[in-house]
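Worksheet: the structure to be examined is printed underneath.
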Amino acid sequence: MKIFRYTLCFLLSGFMLASCEDYIHDPEKEFANDVTFNVAENSLDIEVPELDCIQLDAPFTARAYRYGTITMNAKKNADGTHSGFALSNKNYRSFPWSVSLPHGDRIENVDPSVVKKATDTLLYSVYTGATPNYLENYAVARIDGEEAYFTIDKPRVVEHILIANNTFNALALTYGSVYSDNLNSTTQKYEEMKNGSLSKVQNPNIPNPATSMYGVFFLPDYYNFSKGEGYVRMLANPSKTDGYMKVIATGYNGNTKTNSLEYYLAVRTGVAPEPCQKWNLVQSFWAAWDLSGLGEVDKVVFTLDSSEKCADGSFKLSPYICIDGIRLK
């Protein structure tokens, strides 16, 4: 984001009629008033290593391009997770090799530290399909009660935010716990074995044609989101007629609730209200979510709802989402 100025010096008949101290300026170009979480754009003072993530011990502040600041709630938890927001620029987009056959051991036999590392790699990665993430840093919200929120320096309209799935949920919803070349037409699950042999397949989003790199790919779960029940794919699964995962944003002005808005990160046809009732997707890209309907707010709280629940009522999916480009008005 730069402001370009142009200087014109006019010459006539070999004589300088206007010195180069005289400037003719174009008007300043208008750029969106976004919070980008990037140091280079003066939004943030926190350096995030390349293809890495940072969990913060306390809330942190980010600046919008022209005016306004926001404070993102953040804290580390004893179990290795965080509440509120972390910062990341990971863009992994793949099942991990370390817990997938024949490249690693069976997931139940892998050292827990390896499973945790593989899980975290997926949790703190934005899923943008075959298109790399060009937005550099972004915020990863772990939705734990009402801990995932940001406050604004004064009541303002949030024109929109950019929102995306993390890689863990995108893979869980698209492929399920296991991904292979053997899809059971009855259960709609990918199975590990076929005719007594590993049912190997190319790792999604990795354009490697070597069959030696094929495998049976597993979705690791160090934090036991699914309570041992596994993940059933939502995309193109006829048995999942009512599936959805949605985020709810609730705005506050002081102690007064202004409004709540919903956004579907995954949904089957006929589940979402108009005009989205024909959607059948697991989102694999950044998209703008219009939050102007919240009105003027100084706090926005994010919560989660999903059809994918365990027997005890908890969510099977990881409670993580990726956001960026918070535009203030």
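Every number in this text was worked out from the coordinates using simple rules, so none of it is lab data. Since the structure is predicted, the reported quantities are computational estimates derived from the model, not experimental observations. Note that we place each Cβ from the backbone using ideal geometry, even for glycine, and neighbour counts take in every protein chain shown.
A few notes on this one:
- Both radii were evaluated on the Cα set of the stretch 26-169; the Rg over Rh quotient, with Rh as the Kirkwood radius, amounts to 1.03.
- Residue of 142, 156, 63 that the Gaussian network model of the chain assigns the largest fluctuation, springs spanning Cα pairs under 10 Å: 156
- Qualifying trypsin sites (Lys or Arg not before Pro) in the stretch 165-247, where qualification requires a DSSP coil assignment and no more than 15 other C-beta atoms within 10 Å, comprise 227.
- Ranked list, fewest to most other Cβ atoms within 10 Å of each Cβ, for 327, 106: 106, 327
- Across the cross-link table entries 309/329; 194/240; 76/246; 116/316; 257/329, which are compared at the Cα atoms, the separations over 28 Å belong to 309/329.
- Using the alpha carbons alone, the radius of gyration of the stretch 146-220 stands to its Kirkwood radius in an Rg to Rh ratio of 1.25.
- Computed over the stretch 99-171, the Cα gyration tensor eigenvalues convert (square root of 5λ each) into semi-axes of 33, 16, 9 Å, ordered from largest to smallest.
- Expressed per residue, the C-alpha convex hull volume of the chain stands at 195 Å³.
- Residue-averaged 222 nm ellipticity for the chain, from DSSP H runs of 4+ at -39500 (n - 2.57), nearest 500: -2000 deg cm²/dmol
- All distinct Cα pairs of the stretch 172-271 go into the 1/r average, and the inverse of that average, the Kirkwood radius, is 16.3 Å.
- Legend: calculated FRET efficiency, residue 256 to residue 195, from the Cβ-Cβ distance at R0 = 56 Å, rounded to 0.05, equals 0.30.
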